[in-house]
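The values are calculated or read from the model by the stated rules, or taken from the named source; none is laboratory data. This one's a predicted model, so the numbers in the text were calculated from it and none came from an experiment. Glycine also receives a Cβ, built like all others from the backbone with ideal geometry; neighbour counts cover every protein chain displayed. Calculation scope for accessible area: heavy atoms of the full protein, side chains included, ligands and nucleic acids excluded. Shrake-Rupley method; radii C 1.70, N 1.55, O 1.52, S 1.80 Å.
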Amino acid sequence: AGFIGETNLLQAQVQGDVLDFGAAGRGPLADATWQGALTLAVRPERLHLLPWASVPTQASTDCFYLNATVQSVVYMGHDTRYNVQLPGQAVLCQVRTQNALGAHQTFQIGDAVGVGIDARALRRVAD
């Protein structure tokens, strides 16, 4: 294995054409060759947050949302790092958002959020 940099590792189970992330939610299967239990990698900047109440009830064919709770917020100048807990996942998931003028709202510790994932950004990690 080589250096993969900052990344999130998520546990999922393939069920038909769906990725099941347990209590955190479900999403579309990004690769039809994937089977069984998976460890998936996704970079923090490829994720985005929405208030849980604003999450669309229907996932698109590519983007889906997992439920989470904000555990920490770190302002880093040009961006903000949110560490969120997805139910059933062993480690915190990191989400990075840019602090651009007019950027989306900020979140506070304890907020219920939807973690937006583009299924095409997921990479399978070899066991």
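Accessible area per residue of the chain at 1.4 Å probe, in Å²? Please report the intermediate quantities before stating the final value.
Numbers: 7260 Å² over 127 residues.
Result: 57 Å² of accessible area for each residue.
Report the dimensions of segment 5-68 along its three principal axes from the alpha-carbon atoms, largest first, rounded to Å.
Here the spans come out as 32, 31, 20 Å, largest first.
For segment 51-96, which whole-number percentage of the solvent-accessible area (1.4 Å probe, protein heavy atoms only) is attributable to carbon and sulfur atoms?
On the way: 1330 of 2470 Å².
The computed percentage sits at 54.
From largest accessible area down, sort Thr80, Thr57; use a 1.4 Å probe on the protein chains.
So, going from the largest accessible area down, we get Thr57, Thr80.
Write down Rg/Rh for segment 34-120, rounded to two decimals, with Rg from the C-alpha atoms and Rh from the Kirkwood relation over Cα pairs.
0.96
What spacing in nm lies between the two simple spin-label points modelled at Thr7 and Leu50, each 7 Å away from Cα in the Cβ direction?
2.7
Tell me which residues come under 5 Å, amide H to amide H, from Asp79 once H is placed; ignore anything under 5 positions away on its chain.
Asn99
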